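*Asks:* My questions all concern the structure below.
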Amino acid sequence: MNITINNIEVWANPGETVLEVAEREGIRIPTLCYLKGFSPTGSCRMCMVEVEDQGRLVPSCAFPVYDGMKVKTNSPEVRRARKTIIELLLANHPQDCLVCIRNGNCDLQSLAAEYGVRSYRYVGQRRKGKLDLASPAIERDPEKCILCGRCVRVCHEMQNVGAIDLINRGFNSTVAPAMDRSLNTVACVYCGQCIVHCPVGALREKSDQKRVWEAINNTDKLVVAQIAPAVRVAIGEEFGLQPGEIVTGKIVAALRRMGVDTVFDTNFAADLTIMEEANELIERITLQKTLPMITSCSPGWVKYLEHFYPDLMDHLSTCKSPHEMEGAMIKSYYARKMGINPEKIFVVSVMPCIAKKFEAQRPELGKEFQDVDAVITTRELARMIRVAGLDFSRLPDEGFDDPLGESTGAGAIFGVAGGVMEAALRTAHYMMTGKDMPVIDFSPIRGLQGVKESTVEINGIKLKIAAVSGLKNIDVLLKDIQAGKSEYHFIEVMACPNGCINGGGQPLPSTPEKIQKRTEAIYKIDKGLPKRCSHHNQSIQKLYQEFLEKPGSHTAHDLLHTHYIRRNRY
Amino acid sequence: MKDFLDILNRKHMDFKVTPDLFMDIIHESPDITLPAQTAQELREYKSRLTLEKTDKPAVIVGMGTCGLANGAQGVYDTFKEELEKRGIEAELISTGCVGYCAEEVIVDIKLPGYPRLSYARVTPKDVSNLIETTLINHEPVRDKVLGVYHEKSEKRWENLPVINNIPFFKIQQKVVLENCGIIDPENIDQYIVRGGYKGLSRVLKNMSPEDVIEDMLKAGLRGRGGGGFKTGMKWKFARQSEGDKKYLICNADEGDPGAFMDRAILEGDPHRVVEGMVIAAYAIGASEGYIYCRAEYPLAIRRLRKTLADAEKYGLLGDNILNSGFSFKLKIKEGAGAFVCGEETALINSIEGNRGMPRPRPPYPTTEGLWGKPTVINNVETFANVPVIIRRGADWYASIGTATSKGTKIFALSGKVKNVGLVEVPMGTTLRQIVFDVGGGIPDGRRFKAVQIGGPSGGALPESVIDTAIDYENLKEIGAMMGSGGLVVMDETTCMVDLAKYFMTFIMSESCGKCIPCREGTKRLYETLERLTRSYKNENDPEEALLRFQGMVYLERLAKVITTTSLCGLGQTAANPVLSTLHYFRDEYEAHLYERKCPAGVCKELLTYKIDTDKCTGCTLCATKCPVDAIVGERKKAHYIISDKCTRCGQCMMNCNFNAIYVE
Amino acid sequence: MNNQSIFEAYPRNDASLLIPLLQNIQTEFGYLPEDQLEKVAEHIGIPLSRVYGVATFYNQFRLKPLGKYVIRVCRGTACHVKGSLDILRILESELGIKAGETTKDFMFSIETVACIGACSIAPVIVINDEYFGGLTPKSIQKLIKKFKDKG
């Protein structure tokens, strides 16, 4: 069918909304509450457009096209309505942009600038809200909230967690956990997807920048940083580079210039994780222990299971997540090797993740000292690079330090959903057959779908596997396990849709196009490396020879494995 | 007690009463010949039901909510006690509301052979006299008489007004309310004997769903809940929508402050609503339905429960209704108190167990409603119109009213008017007729100022436009809307700025908070009005005076954006009370803004309290009552108010026994 | 009715029963205690935040216990033009609480309602189930004193 937008005839499919057609035609309509892939709620009224024969303006995000429809997205009435709505939001907003974490990257701020808001036209009472700083991972500032409801929808509909919801009514509405409690007292898994979808500064990570600077400035401390697989393909966005640009060497250079003493790679620990996890899988299969085994490297996912399916904790791999393994090795193997008192080492993990902030504080992760001392997100690192006055794009590429800096393609693909599974298969195949897989790329579990499954035959054993991302998608599989109906041997779960490249700590905003680009970059790293299987990593081999003996050894268990804790649902 | 079921199900009857014949027999279809004995029994029972032929007196007490609020329970109990004490055999019946709230408690007495006699303003103290004079001595208690019903009877009450001729009832036309205040709403037989369920029986036997929809279109029935959408069209859309299941919902979440039509119908004639719903369900093909009723109407809910149970017992609801093969299940949902749930998509969300927040339309409920299925939502009054359209014909119905608005409309008339009550008039009646003829004008010798129609979504209309004939289009033209039918009359002591502020307070606290223009905009509108009525002395920010002007400058712009961009009807009409008062009573706004005065003497902060030194006796009561010590004076000498100290609380004026305190 | 049987009347995991269940609990307890809300979430199979969101949306639900006498002040239009705001203000100052609050001794709660439909006797208040109409600033003071004395 054909419709007219701003006097230009364009083609449209039945069932499409005005917004979708306009977007395709390159006509920008501003939105605040719109969430791609979700049914529209039509609550913000920013995307209002004029449609001939409709008495009043209509929300383009929810309004379906019809043949011969005449739309105006830029009439005086539309502009005035949008400007008024922005002004109304500003009237009930702290107006502290200069000191806001989203200054310069805020939808409300840029809309106000775009629509030429030059004064606070409406003045009156503002909604009061309780600042919630109690959780180790996420901070909420309800007074900045514009009630677009996106966080609520992703928390319920995408992550199936439901830690927050709209409470109260009308002008007193606010987004909060049940009973207006703090996030740390409810079943929030700290995936941080709410932050990713917040158009303003109402949700943010708990910042650890200050603690990291303090450690750097403390001459007594040896600051060791590690960077996660997904950080290197995303942080460039913060400095105007193209999404998916691989900037590993620049990050290493930046960290050194900031004053970090040693820079290791979490990809190394990812390889180590694979050694332990593949070994655990084979052990579970051959000794007929609890199956399916489910990966444990996504801390949001682990906390989810502890809250909502504590009866299935035995299914979780006992492997610590890679950065925790790295931390444990830094403070034992590396410290011993270098003759440093581990007490003086400060391990900083640069992660695409919010939940890792909570994970690093889990008392069971560390013996005398916590394995990891601070976790900063991709966004936080970018801020620190800026404040350090570094021109990121002009930094030289530098290499990681030895020995915990070497990695293979298997470690690299931990950054995408399905990557852990693929990496584990590469090594499990070797462990079971003594040979590498004939084809290293395993396409059935690649791609951006929420659930990917396949069957692989190794040594006559048919392994049924699945890779799931986005917590909502895991429920069906878990219910099957509870009912004893699950046929899977091995399941990978990532709390965030599409895995770490779309983690809660990644540069904002996270759009489907960027996710695609970041994913491609991760596979590009894998493809470009000479070694693509964890067991080929020479530093790993050396680590086992010198320190850990073999996967699943007593020392390995002591330092690289963990246990889980039953948590309440409410 | 025997009922129709007992009479027609007697074992010795040589005639089988199948459910499909049930209604025909009761309504005496000429095609059916009953055994003589049964026919006789039936006829006797029916005349007893209508009180046409009675062997003992009947006392009928109006016990709707307004009756009860006026003490009807006490009157009923006293009658019961007195009748028992005196050993008088009489039937004591409770009925719904006849609409004349101002005259409650209304008690009707029906003596054998006499027409029904209606008494007004009855208190428990009057009961003994009524029994003595009327029940025993067959004489009227003249000063309590409201009127006599126009009925055929052997004997007559001499020199008493006929009820339909008294001004309150004279121009009314009772179509929907025909049974309210007449029948016992909890007795299904009383509804049936007055033609109840006849329409349903006809529909199920002789009409296709399309015929029913056609009839509604021909009758010109439009939704009585607000917008006035054509009921037949709505049903047609739902009928044409594909769906394995369809739902029908009765919106009884009447929340307009100052409107109580739906409650009166539910309390006074609930079977009418159920019958209308079953007919509608048949027309659209719905198998399940809900009545979504405010929890604030406990009596209506209690009566509805009994109504549904009785209708099911009679085979008029549930499986295989009247043996037609059509089934319809009806449930009651109690609303939990949210005005916005009157909006149909919010109501759907509420039934589904969510926060009652509206959804964007399209998709309209008729294609995607409750649980994603095609759903029709009509309000109580709309459904109550349906049976009579079937029973008396679409043409008859269409003959009432104006070109675009057919039938009658019920209004809840209240405020500064003599005859407060429920009024049913044909569409096309003027507001003046309702206020002055039916309502009897303004009490206490004051002047009419405005009438608010359509509740918080409507507008306040001044004398210059009240000769407009009421219909959907006309009201819109003069800046109001039909709404659900609240009519609140205001006199010169009502401040229109205060009224607008009152409605904004209401809308603001009832806004669901989903969309920005309604959530944030109504608050700012309210604050603008609040600033107009606030004394500069109570402003702690020097900017406030500037903001007061600024608010007024931006008021119309903001109102327009709220109207054009809000998500649902609540927001889209939220600014109406402000816009209409601003349009018709601009001078009052200006007095508040420029002169800082409230001409009506309502906005306290803008008033100056003064003591009339001639009247003041120096009793010192005001000075002791003043919470801020703003009154000074010596005992036995005239007192004075220190205006700067006075907070305008009004305590002094309230307590003065000599009317010595006045305001300017 | 004991607590268990309230829940038994409602099949599990049916979200449409959330509001009726909350209404039933409130009838039983006079308000919605926190532990009951958790049970509701568990029974209906929805997050606690959603239960709380619904409970705080509707006027009917109370999260704190009410007083012995619940005074509902009608704020319908007819009552407003006949002075119900004055009645409310006097009640508030006499009892030292605002609308929506309960006195510390749990004797009185004040609530406002949109319209109770007794416009003929405006301004009107309802104390528990009893109607008091045609109120004036003076008569309301007397009325409250009567209830205070009654205790």
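*Asks:* Could you check, for region A:112-126, whether at least one of its residues is surrounded by 20 or more Cβ atoms within 10 Å (Cβ to Cβ), more than 14 Å from chain C (Cβ to nearest Cβ) and either in a loop (DSSP other than H, G, I, E, B) or touching a helix residue (DSSP H, G or I) at 6+ places or on another chain (Cβ under 6 Å) (or both)?
*Replies:* Checking region A:112-126: at least one residue is surrounded by 20 or more Cβ atoms within 10 Å (Cβ to Cβ), more than 14 Å from chain C (Cβ to nearest Cβ) and either in a loop (DSSP other than H, G, I, E, B) or touching a helix residue (DSSP H, G or I) at 6+ places or on another chain (Cβ under 6 Å) (or both).
*Asks:* Applying the selection to region A:497-519, what residues are part of a helix (DSSP H, G or I) and surrounded by 24 or more Cβ atoms within 10 Å (Cβ to Cβ)?
*Replies:* Selection gives A:G499, A:C500, A:I501, A:N502, A:R518, A:T519.
*Asks:* Return the total of residues in region A:148-176 being on the phi > 0 side of the Ramachandran plot and more than 7 Å from every other protein chain (Cβ to nearest Cβ).
*Replies:* Going through region A:148-176 one residue at a time, the tally reaches 2.
*Asks:* Would you please name the residue that is surrounded by the most Cβ atoms within 10 Å (Cβ to Cβ), looking only at residues in region B:415-442 that are assigned to a strand (DSSP E or B) and more than 14 Å from chain C (Cβ to nearest Cβ)?
*Replies:* B:E424
*Asks:* Filter region B:628-645 down to the residues that are open to solvent by 90 Å² or more (accessible area, probe 1.4 Å) and either in contact (Cβ under 8 Å) with a residue 24 or more places away in the chain or assigned by TED's automatic domain parsing to the domain that holds B:R534 (or both) and list them by number.
*Replies:* The answer is B:Y640, B:D644.
*Asks:* Now a separate question. Does region B:117-134 hold any residues that are part of a helix (DSSP H, G or I) and charged (D, E, K, R), and which are they?
*Replies:* Those that are part of a helix (DSSP H, G or I) and charged (D, E, K, R): B:K125, B:D126, B:E132.
*Asks:* Return the residue satisfying two criteria in turn: it lies in region B:508-545 and is in a helix (DSSP H, G or I), facing chain A (nearest Cβ under 9 Å) and of a type in the set (A, V, I, L, M, F, W, C), and of such residues it is most open to solvent (accessible area, probe 1.4 Å).
*Replies:* My answer is B:M508.
*Asks:* Would you call C:G83 farther than 30 Å from B:K418 by Cα and surrounded by fewer than 19 Cβ atoms within 10 Å (Cβ to Cβ)?
*Replies:* no
*Asks:* Just checking, which of A:A230, A:A225, A:A254 is in a helix (DSSP H, G or I), modelled with pLDDT of 95 or more, assigned by TED's automatic domain parsing to the domain that holds A:L404 and open to solvent by less than 30 Å² (accessible area, probe 1.4 Å)?
*Replies:* Working: A:A230 fails: in a helix (DSSP H, G or I); A:A225 fails: in a helix (DSSP H, G or I).
One residue alone meets the criteria, A:A254.
*Asks:* Could you please give the count of residues in region A:21-72 that are closer than 24 Å to A:C106 by Cβ, within 11 Å of chain B (Cβ to nearest Cβ) and open to solvent by 80 Å² or more (accessible area, probe 1.4 Å)?
*Replies:* 0
*Asks:* Kindly indicate whether B:V451 is part of a strand (DSSP E or B) and either in contact (Cβ under 8 Å) with a residue 24 or more places away in the chain or open to solvent by 10 Å² or more (accessible area, probe 1.4 Å) (or both).
*Replies:* Details: part of a strand (DSSP E or B): yes; either in contact (Cβ under 8 Å) with a residue 24 or more places away in the chain or open to solvent by 10 Å² or more (accessible area, probe 1.4 Å) (or both): yes.
Taking the combined requirement at face value, the residue satisfies it.
*Asks:* Just the residues that are assigned to a loop (DSSP other than H, G, I, E, B) and more than 8 Å from chain C (Cβ to nearest Cβ), please, taken from region A:177-186.
*Replies:* Passing the criteria: A:R181, A:S182.
*Asks:* Also, I was wondering about something else. Select, from B:G74, B:G62, the only residue that is buried (at least 20 other Cβ atoms within 10 Å of the Cβ) and in the same structural domain as B:E154 (by TED's automatic domain parsing).
*Replies:* Numbers: B:G74 fails: buried (at least 20 other Cβ atoms within 10 Å of the Cβ).
When all the criteria are applied, what remains is B:G62.
*Asks:* Still on this model: Regarding B:G196, is this residue in contact (Cβ under 8 Å) with a residue 12 or more places away in the chain, outside any helix (DSSP H, G or I), open to solvent by 40 Å² or more (accessible area, probe 1.4 Å) and in the same structural domain as B:L316 (by TED's automatic domain parsing)?
*Replies:* No.
*Asks:* Tell me the residue from A:V420, A:V468, A:V439, A:V456 that is open to solvent by 50 Å² or more (accessible area, probe 1.4 Å) and among the aliphatic types (A, V, I, L, M), please.
*Replies:* Residue meeting the stated conditions: A:V439.
*Asks:* Only one residue in B:T617, B:T613, B:T624 is away from chain C (no Cβ under 14 Å), surrounded by fewer than 17 Cβ atoms within 10 Å (Cβ to Cβ), of a type in the set (S, T, Y) and assigned to a helix (DSSP H, G or I), so which one is that?
*Replies:* B:T624
*Asks:* Continuing with this model, one more query. Would you check which residues across region B:151-181 are open to solvent by 30 Å² or more (accessible area, probe 1.4 Å), under 20 Å from the mean Cα position of the chain (by Cα) and within 17 Å of B:L49 (Cβ to Cβ) and list them?
*Replies:* Passing the criteria: only B:E178.
*Asks:* Give the number of residues within region A:460-492 that are outside any loop (DSSP other than H, G, I, E, B) and either among the polar types (S, T, N, Q) or in the same structural domain as A:F38 (by TED's automatic domain parsing) (or both).
*Replies:* Final tally of qualifying residues: 3.
*Asks:* How do the helices (runs of 4 or more DSSP H) wholly within region C:32-99 filter down when requiring 1 or more residues that are within 14 Å of chain A (Cβ to nearest Cβ): which remain?
*Replies:* Correct list: C:34-44, C:48-55.
*Asks:* Identify, please: which residue in region B:92-135 is more than 26 Å from B:R263 (Cα to Cα) and charged (D, E, K, R) and is, among those, least open to solvent (accessible area, probe 1.4 Å)?
*Replies:* The extreme case among them is B:K110.
*Asks:* Determine whether region B:370-385 contains at least one residue that is away from chain C (no Cβ under 14 Å) and over 27 Å from C:Q60 (Cβ atoms).
*Replies:* yes
*Asks:* Under the condition of being part of a helix (DSSP H, G or I) and in contact with a strand residue (DSSP E or B) (Cβ under 7 Å, 6 or more places away or on another chain), which residue from region B:218-243 is farthest from B:G458 (Cα to Cα)? Give the steps one after another, and end with the answer.
*Replies:* Here is the first cut: in region B:218-243, the residues part of a helix (DSSP H, G or I) are B:218-219, B:231-240.
Adding the requirement that they be in contact with a strand residue (DSSP E or B) (Cβ under 7 Å, 6 or more places away or on another chain) leaves B:219, B:231, B:234-235, B:238.
Values: B:A219: 26, B:T231: 21, B:K234: 23, B:W235: 26, B:A238: 29 Å.
Out of the qualifying residues, it is B:A238.
The values are calculated or read from the model by the stated rules, or taken from the named source; none is laboratory data. Note that the structure is a prediction, hence the values are computed from the model and not measured. Virtual Cβ from ideal backbone geometry, glycine too; neighbours counted across all protein chains shown. These area figures cover heavy atoms from the full protein model, side chains too; ligands, DNA and RNA do not enter into them. Shrake-Rupley method; radii C 1.70, N 1.55, O 1.52, S 1.80 Å.
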